[in-house]
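The values are calculated or read from the model by the stated rules, or taken from the named source; none is laboratory data. Here the structure is a predicted model, which is why all the values come from computation and not from measurement. Cβ sites come from the backbone with ideal geometry, for glycine too, and all protein chains shown count toward neighbours. Accessible surface is based on the protein model in full, side chains and every heavy atom, while ligands, DNA and RNA are left aside. Shrake-Rupley method; radii C 1.70, N 1.55, O 1.52, S 1.80 Å.
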Protein chains: 2
Amino acid sequence: MALIVQKYGGSSLESAERIRAVAERVVATKQAGNDVVVVCSAMGDTTDELLDLAAQVNPNPPAREMDMLLTAGERISNSLVAMAVAAQGADVQSFTGSQAGVITTERHGNARIIEVTPGRVQEAVDQGKVAIVAGFQGVNRDTKDVTTLGRGGSDTTAVALAAAMKADVCEIYSDVDGVYTADPRIVSDARQLEQLCFEEMLELAASGSKILVLRSVEYARAWNVPMRVRSSYSNDPGTLIAGALEDIPVEEAVLTGVATDESEGKITILGIKDVPGEAAKVFRALADAEINIDMVLQNISSIEDNTTDITFTLPTADGDRALEMLGAMKDAEGWDDIAYNDQVGKVSLVGAGMKSHPGVTADFTEALRDAGINIDMMNTSEIRITAVVRQDDLAEAARALHTKFELGGDEPAIVYAGTGR
Amino acid sequence: MALIVQKYGGSSLESAERIRAVAERVVATKQAGNDVVVVCSAMGDTTDELLDLAAQVNPNPPAREMDMLLTAGERISNSLVAMAVAAQGADVQSFTGSQAGVITTERHGNARIIEVTPGRVQEAVDQGKVAIVAGFQGVNRDTKDVTTLGRGGSDTTAVALAAAMKADVCEIYSDVDGVYTADPRIVSDARQLEQLCFEEMLELAASGSKILVLRSVEYARAWNVPMRVRSSYSNDPGTLIAGALEDIPVEEAVLTGVATDESEGKITILGIKDVPGEAAKVFRALADAEINIDMVLQNISSIEDNTTDITFTLPTADGDRALEMLGAMKDAEGWDDIAYNDQVGKVSLVGAGMKSHPGVTADFTEALRDAGINIDMMNTSEIRITAVVRQDDLAEAARALHTKFELGGDEPAIVYAGTGR
């Protein structure tokens, strides 16, 4: 008997009708002879509605109270799904994050899971019940306060539960039916992937693919929990994410796909002294402000005055904060100027096949050159090449790379209305 | 420094604007030098909306899941009130029923409070914080499951917390500004009462007054917690409910008011054998079905065949169930017939003054006679006289008694749109 953890996103639970459909799938999975644990996000727009109410009573609400508020959303969807499963005649029991033993750090709004002690959930499963667990939430062991896990928290709950319960697979349901070789809204012949390894999915997620949050994939990789991305609207098997990069035989390693990211901007510090420790000052200041920088480029030093330029990318959401902070440092550090460009985009090619194909970087740059696209910055990992280009060129860059590396399918991709996460 | 527990009903919290107004009152109470603990019901129609969703996914939802669902309503209002209080600059912390130590029986949907261990709430208050506690909910100590307290549960939470924390007063806020000598929608010169004792309030609540649920008053009486009924729309001091009947000096004992109740119907069993144990069979069967009967009347036995008639009142909500059950007993017991009348009403006169005025019953019956109203059944307690009359006569009966006993004020009562409980 297999143990399957199924996670349903908000769009899959946006109405009573959708909840009944989810319950049918859950009960069918159970009746097929599996043990089933279900993790639910909040229904459709619930979280946005609660955020809106909060803003009306306090523009800067205490984080602890915000967590108490938002977790109500998952309690509602959770208990409704349990009722719908019961309506189909299956034994069922719902659990809050706390009841399911999701123990977290105390950082409200963005807590990390420390451990999962799913004794009560396991007991329910052992009694033949379907267990329904509220996603996105946990409890701080010391203060007993309710915490939330931040963006994509329900995916992380599902993977962490699957790991703690040694589940055979963690299925992530949304309105997207799998991982594609590119965003089908940009690349019309994008193809659904049958399988990829954890590292490839991590690189895609880090490069702008929104289908899974990085954190849940990191967790799945660390605990070796196979994930399957599926649509709650179809019976398509979706995409399996499993296995380690090093276990892929060279002859089977392929290029996985192209990812794009418009959420980052680029800051350049001009005329910074080219002596040890100067760049470190910049990055320490950014780190202390919890601003995640991504790509970094340092120009060749000017011989005349021994200065250089440093360019890095960061989320545009943090752009103003970073500029303000660096602006305050500028005169004391003797920098010439600080430039900011938020009209950039990142395009990345990902795939285990890169390891065994030394010509990939050359093909990558040639594809962009042939499309008339200028590369602003570039960096690579073992299985990824990323270029920063003008934001206006981003879609064309993705299409050019997708074609160059023959990632497309014979059939055009089905395009869904939204990503619905 | 006084400790004040304030309970706000759903209509007082129906919008962000109303929540901000509640927060202002809470903070003003705190700034006046009091410790404040606030108990919140769910916002406006939240509970009805959740019930509606539940009905759509399962017409007969499991009670445990229903409790998980409904308690989300109080979490939402609770955390929003906490945010609004924080916005006014006060230190604040919210608590679920479980966090506040509200320990209950395991009967989902209608649990009873076993004890309240408000250690965390007390700690917050000792730190100078306003504590916000979700009403209506508790936790079963054995199973750790979330429970709800049934109708009026938030009032009961407030009184139980006030008792456990030895509060000076438990203020119950709604859109009604106090206890009146009669329902102002029926009796136009109904007058707001300044104070009444617990027993008087119990009799009024048991006789159809909807301003406080019986259970919360019983709890307040048992733990001697003064309650004050106030409007969240005004600064009117409202009505104080405090003190024991036996402590009221004879010269201060007055008649409190008139209550009406349209929610009961009347069943008559005709031709029941007038031997010991026959009536007991009827009432045991009703008790086993958890049907609460109220007034009972047994006619004088017929000499010819030694049979009698038994009439009793019961909630019309239980009418069909009771008829079905008694119908099944009829032939075996040899009853002649069973009659049901749901077009009856109860009118009651309540007041400690009754003890020292032996003529009250005579005045009561004369007032109804003069109004041309026939009395169907009647019963009394030490401080109450109740008559069952035709439902069409109920309002006129209330007005006649209110006038006869000179309960009216000089000013007409303010009439609110709804009772908003």
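General remarks:
- Lys-Lys pairs in the stretch A:3-175 that are eight or more residues apart or on separate chains and whose Cα atoms lie under 23 Å of each other come to 6.
- Highest-MSF residue in chain A out of A:K129, A:K210, A:K273 [GNM, Cα springs under 10 Å]: A:K273
- Inter-chain Cβ neighbour count for B:50-56, averaged per residue, equals 4 (cutoff 10 Å, partner chain atoms only).
- Other-copy label distances relative to A:R390, 7 angstrom Cα-Cβ extension, nm: 9.0
- Label distances, nm, A:Q127 versus same residue in remaining copies, Cβ-directed 7 Å point: 3.6
- Computed magnitude of the charge dipole of chain B (debye, nearest 20; Cβ of K, R +1, Cβ of D, E -1): 1460 debye
- Shape of the stretch B:3-175 from the C-alpha gyration tensor: oblate (a/c of 1.5 or more and a/b not above b/c, with a ≥ b ≥ c the square roots of its eigenvalues).
- The stretch A:3-175: antiparallel DSSP beta bridges as a percent of all, rounded to 5: 20 percent
- Principal-axis tilt of helix A:16-31 within chain A, Cα atoms, nearest 10 degrees: 70 degrees
- Rounded Å value of the spacing that divides the Cα centres of the stretch A:221-263 and the stretch B:107-132: 48 Å
- Only protein heavy atoms count here, probed at 1.4 Å, and on that basis chains A and B bury about 3200 Å² of accessible area in total.
- Bridging of B:K273 to aspartates and glutamates at a Cα separation below 19 Å is possible for B:E304, B:D305, B:D309, B:D331, B:E333, B:D336, B:D337, once same-chain residues fewer than 8 apart are set aside.
- Helix content alone sets the calculated 222 nm mean residue ellipticity of the protein assembly as shown: runs of n ≥ 4 DSSP H residues at -39500 (n - 2.57) each, divided across all residues, give -10500 deg cm²/dmol.
- Helix B:360-370 vs. chain B, principal-axis angle (Cα, 0 to 90°, nearest 10): 70 degrees
- B:D247 accessible area, 1.4 Å probe, all protein chains in place, Å² to nearest 10: 110 Å²
- Across peptide B:82-93, the mean count of Cβ atoms from other chains lying within 10 Å of each residue's own Cβ comes to 5.
- Per-peptide packing, taken as the mean over residues of other Cβ atoms within 10 Å, places B:15-25, B:99-109 in the sequence B:99-109, B:15-25 from highest down.
- Positive-pole candidate from B:I114, B:I291, B:A280, dipole of chain B, charges at beta carbon: B:I114
- Accessible surface of the stretch B:3-175 [probe 1.4 Å, protein heavy atoms]: carbon and sulfur percent: 45 percent
- Residues of type lysines that B:K404 reaches as a straight line, Cα spacing below 24 Å, ignoring anything fewer than 8 places off in the same chain: B:K210, B:K346, B:K355
- Beta carbon of chain B nearest to the axis of the rotation taking B to A, residue and angstrom distance: B:A72, 2
- Projecting the Cα positions of B:Q137, A:A328, B:I269 onto the charge dipole of the protein assembly as shown (unit charges on Cβ atoms of Lys, Arg, Asp and Glu, taken about the Cα centre) puts B:Q137 furthest along the positive direction.
- Exam field: B:E17 pseudo-label spacings to other copies (7 Å along Cα-Cβ), nanometres: 3.4
- Sorting B:173-181, A:47-55, A:237-245 by their mean Cβ neighbour count within 10 Å, with the most densely packed peptide first, gives B:173-181, A:237-245, A:47-55.
- Burial ranking of peptide ranges A:223-232, A:298-307 (average Cβ count within 10 Å, highest at the top): A:223-232, A:298-307
- Distance between the stretch B:1-70 and the stretch A:367-393 - C-alpha centres, whole angstrom: 54 Å
- Shown are B:E115, B:E171, whose ranking by accessible area with a 1.4 Å probe and every protein chain present, most to least, is B:E115, B:E171.
- Charge dipole of the protein assembly as shown (Cα centre as origin; +1 on each Lys and Arg Cβ, -1 on each Asp and Glu Cβ, all else neutral): 1200 debye, rounded to the nearest 20.
- Peptide B:144-150 has a mean of 2 when you count, residue by residue, the C-beta atoms of other protein chains within 10 Å of its C-beta.
- Surface per residue (accessible, 1.4 Å probe) for the protein assembly as shown, Å²: 42 Å²
- Using only side-chain charges placed at the Cβ, +1 for Lys and Arg and -1 for Asp and Glu, the dipole size of the stretch B:3-175 relative to its Cα centre rounds to 320 debye.
- Restricting attention to chain B, close to 60% of DSSP beta bridges with both partner residues there are antiparallel.
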